[in-house]
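Asks: One structure coming up, written as structure tokens, with questions to follow.
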Amino acid sequence: MVLATQVIVGVSLGMLFASALLSLVRLVLGPTALDRAISIDVITAAVIGTVVVLIAWWQRTDLMVLLIIFALTAFFSTVTVSRYVANTAISRHEESLAAQSRKTRQENDPKEARE
């Protein structure tokens, strides 16, 4: 029974490590901020999974506070990046609309374009 438990824990930790490593690659190579945010979420989920496996293996329920801390960290980082990306997209859209409006005004009123 002990050997089976060690194998299960080892395989679980190995898979969590592999997912964190692949997400770390996405974090470095990700072309957009959203790719990086998702990779941070996956890394945080892998850390939470690792803590869960270790809590079960060591039978240490006092470490469950770490799960709350990691979950809150993941939530706040996701919200922060999402708000940043949304604000950036909105400001880009507003700049595009302003430029388009200026261009339309110049085409419709040649006097204004000369001044």
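Asks: Can you pull out every residue in region 7-33 that is over 18 Å from the mean Cα position of the chain (by Cα) and of a type in the set (Gly, Ala, Ser)?
Replies: Listed by number, the residues that qualify are 10, 12, 14.
Asks: Looking only at residues that are touching a residue at least 12 places away in the same chain (Cβ under 8 Å) and of a type in the set (D, E, K, R) in region 36-77, which one is least open to solvent (accessible area, probe 1.4 Å)?
Replies: Filtering first and then ranking leaves 41.
Asks: Does region 92-107 contain at least one residue that is part of a helix (DSSP H, G or I) and either in contact with a Leu (Cβ under 9 Å, 6 or more places away or on another chain) or within 20 Å of residue 13 (Cα to Cα) (or both)?
Replies: No.
The values are calculated or read from the model by the stated rules, or taken from the named source; none is laboratory data. Bear in mind the structure is a predicted one, so any value in this text is a computation, not a measurement. Cβ: placed from backbone, ideal geometry, glycine included. Neighbour counts: every protein chain shown. When the accessible area is computed, the model is the full protein with side chains, heavy atoms only, and any ligands, DNA or RNA have been set aside. Shrake-Rupley method; radii C 1.70, N 1.55, O 1.52, S 1.80 Å.
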